[in-house]
Structure formats: structure tokens, C-alpha cells
Amino acid sequence: MFLLATILIILFLLSATFLGFAIILARDVYSHPDGTAEMKKISDPIKEGAQGFFRTQYTTITMLALCLAAIILVSLSLRHAEAGAALSPSTYAMFATAAFLTGGFMSGLSGLVAMALSIRANVRVCAEAANRNYPGALMVAFRGGAFA
């Protein structure tokens, strides 16, 4: 039990560290100018298209995930109880289904956040390059990509 608690603490600390690093990268990307009105005129339709794509894709994925969650819940609930098991099959099925749905939600959320930042990073790279700040443009591109 001690080993499991130690592993969970280490995983939590690593997750918090990498989340902090991602926030630092995002703040740096957002600190750069987002370009002229002409650049925004081009980047706004790209942003709208990406949002429409994600809406369509995530609707389909959500339907598939809910169907799979139902299959997981039913199939694990129908298992025979093992002697000495800490959880009943129905409780285990609920936990497994909740873990599946939580993982899928977090994966989707990270995809949305990464796409939103990368779209905004693109126009900032263009703005830096238009100002002939090539090292700055490269830095925004790398940090926007590292976040995603």
C-alpha cells in the first residue's frame, strides 16, 4: 500500500510540474503580439474552421465513447464475483467505466486546448516574422509546438 501511495504522489507531482510548464509556455506564446488587422482577417476564419472541425469530430468521438462505455459497464458487470475480491463486479464496472470516460474527457480537453493555442501561435509567428524578428518567430513556433 505504501508503494502505491508513493507512486500516486510522484505522479501527481509530475503532473502538476508539467501543467505548470504548459502554463508558462502558453503565457509566453500569448505575450507576443497577435499581428495586424490583415493577419487577424486571415487567422480568424482558420480558427473558425478548426472549431467547426473539432465540433464535428468530438461529437462523433463522444457518441463512440458512450457506446464503448456502455459495453464496458455491461460486460464487466456480468462477470462472476471472484472469491476474496475487494469490489463486486458492478462496483468494479462503474469504476472502470468512470475511468474510461474521465480519460477520454481529459484527452479531448487537452486536444482542444492544444489546438486553440497552436492556432493563436501561428498568427504570432507570422507577426514576429513580419517584424523581421526571426529568432522570436522561431521561439514562438517552438513553444507553441511544445505546448501541443
Inset, instruction - Please verify whether segment 64-79 includes one or more residues that are under 19 Å from the mean Cα position of the chain (by Cα), over 25 Å from Phe21 (Cα atoms) and open to solvent by less than 70 Å² (accessible area, probe 1.4 Å). - result: yes
Legend entry - Every residue from segment 1-52 that is closer than 15 Å to Val113 by Cβ, of a type outside the set (Lys, Arg) and open to solvent by 80 Å² or more (accessible area, probe 1.4 Å): Phe18, Leu19, Phe21, Ile23, Ile24, Tyr30, Gln51
Legend entry - Residue in segment 105-122 that is open to solvent by 60 Å² or more (accessible area, probe 1.4 Å), without any contact (Cβ under 8 Å) to a residue 12 or more places away in the chain and farther than 28 Å from Gly49 by Cβ present: no
Legend entry - Test: Ala69 is of a type in the set (Gly, Ala, Ser), assigned to a helix (DSSP H, G or I), farther than 21 Å from Ala148 by Cβ and touching a helix residue (DSSP H, G or I) at 6+ places or on another chain (Cβ under 8 Å): yes
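The values are calculated or read from the model by the stated rules, or taken from the named source; none is laboratory data. On a predicted model such as this, the values are computed, not experimentally measured, just so you know. Here the Cβ is made from the backbone with ideal geometry for all residues, glycine too, and neighbour counts use every protein chain on show. All accessible areas refer to the heavy atoms of the entire protein, side chains included, with ligands and DNA or RNA removed. Shrake-Rupley method; radii C 1.70, N 1.55, O 1.52, S 1.80 Å.
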